[in-house]
1. What number of residues in the range 351-380 are within 14 Å of ligand 1 (Cβ to nearest atom) and out of contact with any Ser or Thr (no Cβ under 6 Å at 6 or more places or on another chain)?
2. Any residue in the range 92-100 that is within 15 Å of ligand 2 (Cβ to nearest atom), closer than 17 Å to N390 by Cα, part of a strand (DSSP E or B) and open to solvent by 10 Å² or more (accessible area, probe 1.4 Å)?
3. Quick one: would you say E25 is touching a Pro at 6+ places or on another chain (Cβ under 9 Å) and of a type in the set (D, E)?
4. Could you grab the pairs with beta carbons closer than 8 Å, sequence gap of 6+ or different chains, first residue in the range 1-16 and modelled with pLDDT under 95, second one open to solvent by 80 Å² or more (accessible area, probe 1.4 Å)?
5. Could you grab me the full set of residues in the range 286-306 that are within 16 Å of ligand 1 (Cβ to nearest atom) and open to solvent by 30 Å² or more (accessible area, probe 1.4 Å)?
6. Report the residue count in the range 180-199 for those that are within 15 Å of ligand 1 (Cβ to nearest atom) and not polar (S, T, N, Q).
7. I'd like the residue in the range 9-49 that is outside any helix (DSSP H, G or I) and farther than 30 Å from P167 by Cα and, out of all such residues, is least open to solvent (accessible area, probe 1.4 Å).
8. Working only within the range 96-127, note down all residues that are within 13 Å of ligand 1 (Cβ to nearest atom) and either without any contact (Cβ under 8 Å) to a residue 12 or more places away in the chain or touching an Asp or Glu at 6+ places or on another chain (Cβ under 8 Å) (or both).
Amino acid sequence: MDKFAQNYVEHFMADVVAKNPGEKEFHQAVREVVTSVAPYLEAYPHLLDLKIMERIVEPERVIMFRVPWCDDRGEIHVNRGYRVQMNSALGPYKGGIRFHASVNLSIMKFLAFEQTFKNSLTTLPMGGGKGGSDFSPRGKSDAEVMRFCQSFMTELQRHIGQDTDVPAGDIGVGGREIGFLFGQYKRLRDEWTGTLTGKGLAWGGSLLRPEATGYGACYFAQEMLATKGETFEGKTVVISGAGNVAQYAAKKAMSLGAKVVTLSDSDGYIYDPDGLDEQKWAFVMELKNVRRGRIKEYEAKYPGAKYFPGERPWKVKCDIAMPCATQNEIDKADAEALVAGGCMCVTEGANMPTTPEAIAVFQAAKLLYSPGKASNAGGVATSGLEMTQNSIRQKWTAEEVDSHLHRIMSDIHAACVKYGTEEDGYINYVKGANVAGFIKVANAMADQGLV
Ligand code: NDP
Ligand code: 2IT
């Protein structure tokens, strides 16, 4: 980076930090993007004059609201709900809803900010947004989750709509929660529209939406590997998480001939040296999605596997790592362990799972490394396809959706190569994704005047 870009980033970040005190995840996400785009801004100074960067980090609207609900014993609880409507330059706000005890404004803003560039990369007409609550579905009954979702939607419904803001799932929000949220939305608004995505197949959902994030991440990894003449065949894959993204990343990696040896949750990870197979995968699906159990139960069922409480899987030797749990789950020491273990490719299924120090380790070692906003975009892209199907009141086949998903992931890869290839030929996917995602949003904002 030249002197101008360096100065620009430091001044810009000083303002962002002063204006958004304590929002460390948001600062982290903004710093990464502004570092990537500063040289581009220097080359196109009209974007500096238009203060595009200053506008892009300021959400168009932040909604925070009380969510009171009653548990099965009659005790009253109060959680906080959020919707960050970040940027609508390219389309209606679009992005998931996260229910997790750790949710706060910083996490909502970082996710909405990332979503803006991710959605731009998909090439579909979607702006960026994110929502959620510090409600933890863990240990709650179905009835409690339903009452919470109904209370949450009772406020949220006045801020969303099929042409305004279209939420979907994220951590802690899957098919069950989308069902409860959609039911309450429909009841209050008396309209049947595609205002939420990730819906059930019988009531407006798209085939392959549940699979899309994990499958898309594998399609993206295939493109990355192909730049080195490699494939998934015979590779050992380490995956974190055991939720929606991890489940389908594992399934696709297996079907492409890889051996998936780990899964995890926030309590620990399992290592299965023989790798998952179809039967073990079906056990995980039932464990997580029906019984809502913990991944440690895998060890009791398959004694060849070992459970490591309180640890993350990154010390396990592998060829490919796919973090699919949460933000900042790979730190510098984890990254060093992966590099030392011979890992050649890190493809993010989660949002911002790798700390900046860990990214520096991967890039210094010239690993194939892709940021979530590029490699996990298959989920929101397929949400975009669900919106299209809802609008034209049609349903596409799985093959049709899959071919769109394949093309979109491959186009995102091509955009990363175009904007991220460095002089020595190394593909800097962080820079590529940030610049490619930014250009469209910035130009749209420039075209649309001072709003
Ligand atoms: P799920 O709720 O289905 O699964 C989340 C998994 O990650 C669980 O195994 C969970 O374990 C684990 N996890 C959650 N929080 C933490 C934490 N603080 N520390 C360690 N492990 C944790 O969520 P998804 O699979 O949908 O989402 C996973 C990631 O992928 C998130 O970063 C999300 O933003 C991202 N993503 C999701 C998309 C989607 O379509 N669903 C699209 C694009 C990105 P536990 O049960 O212990 O909490
Ligand atoms: O982070 C993400 O891209 C998601 N959670 C999916 C969002 C969506 O609208 O499908």
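The values are calculated or read from the model by the stated rules, or taken from the named source; none is laboratory data. Since we're looking at a predicted model, the values are computed, not measured. Note that we place each Cβ from the backbone using ideal geometry, even for glycine, and neighbour counts take in every protein chain shown. Note: areas computed on protein heavy atoms with side chains; ligands, DNA, RNA excluded. Shrake-Rupley method; radii C 1.70, N 1.55, O 1.52, S 1.80 Å.
1. Number of matching residues: 10.
2. yes
3. Considered against the rule, which asks whether it is touching a Pro at 6+ places or on another chain (Cβ under 9 Å) and of a type in the set (D, E), E25 comes out as no.
4. From the range 1-16, no pairs qualify.
5. E286, K288, N289, V290, R291, R292, R294, K296, E297, E299
6. So the answer is 4.
7. Across the range 9-49, the extreme among qualifying residues is P45.
8. Once the filter is applied, which keeps residues that are within 13 Å of ligand 1 (Cβ to nearest atom) and either without any contact (Cβ under 8 Å) to a residue 12 or more places away in the chain or touching an Asp or Glu at 6+ places or on another chain (Cβ under 8 Å) (or both), the range 96-127 yields G96, I97, R98, F99, H100, A101, S102, V103, N104, I107, F110, L111.
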